[in-house]
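Below you'll find the structure, written out as structure tokens, and then a few comments.
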Amino acid sequence: MKRKIAPSLMCSDFLDLRKECDLFKANGIEYLHIDIMDGHYVPNFSLGIDFCRAVSSYTGIPLDIHLMMEDPDRYIGVFSEFEGCTLCVHPETSYQPLRTVQQIQKRGCRAGISLSPSCPLGSAEHLLPYVDLLCIMTVHPGYAGQTIVTGTLKKLEEAARLIEKKGYGAEVEVDGNVSWENLPKMRDAGATVFVAGTSSIFQRGADMEESIRRFREILEA
Ligand code: DX5
Ligand code: ZN
């Protein structure tokens, strides 16, 4: 399966967003990772629906929307307006996670589940046959700039192996501290979608186009 880059736009330089979006388009970026936070499931706020509309209409790149919120069923309708988007929820935030997944797909979107470091793989195994994407978070949800949580790389490997062995179609996404040092390990662990944040392409002071090229090179090595 082709390895894909999903820049995490909460890490953008908002005063330079148009320039960054032009670079994403020019460099074949496959998804735009949009973190939506409600201040309850995670103690933070980040991006919103108008931000999604702006970057989606300007770039035409599919959105990979990461819903870090309680009771996400309330907002599936709102976020399902984006053609070809993925809506990713944390299973513990829904009373009926499988129903949530099916509701997302019924609206024509791809459904993902995201497992924080506090959520064991075993607790979501029954959902894997149904989802289009499984995201393994390697940091605690809610903030960029964190360091990888020990043990999450092994969890990523187990998840990728399980999906491969069972022949499920889900993409395996990794989200959090995807740094130049961690990226090769995450690639070799079997991830196919990489959320790129402050640890790589949004590194302040580095040339973003050069960073995207470097990121792609490591994925293709
Ligand atoms: C954290 C978000 C991530 C984060 C990744 O809750 O899900 O997308 O922004 O950024 P870094 O690379 O800084 O961990
Ligand atoms: Zn995220």
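Summary of computed values
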| quantity | calculated |
| --- | --- |
| Where N is the number of residues in segment 1-121, Cα Rg divided by 2.2 N^0.38 Å | 1.05 |
| Relative contact order (%) - criterion: Cα under 8 Å, at least six apart; region: segment 10-220 | 15 |
| Extended-chain gain in nm, criterion 0.36 nm per residue less alpha-carbon gap, Ala26 and Leu98 | 22.2 nm |
| Kirkwood Rh and Cα Rg combined as Rg/Rh, segment 135-192 | 0.97 |
| Potential extension, Glu220-Asp71 segment - 0.36 nm per residue separation minus Cα distance | 49.9 nm |
| Largest-first principal axis extents of the Cα set of segment 108-221 (Å) | 43, 30, 27 |
| Computed [θ] at 222 nm, deg cm²/dmol, the chain (DSSP H ≥ 4; -39,500 (n - 2.57); rounded to nearest 500) | -9500 deg cm²/dmol |
| Highest-MSF residue in the chain out of Ala111, Ala54, Ala189 [GNM, Cα springs under 10 Å] | Ala54 |
| Cα Rg over Rh - the chain, Kirkwood | 0.93 |
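Each reported figure results from applying straightforward, stated rules to the coordinates on display, with no laboratory input. Owing to the predicted nature of the structure, the values given are computational and were not obtained by experimental measurement.
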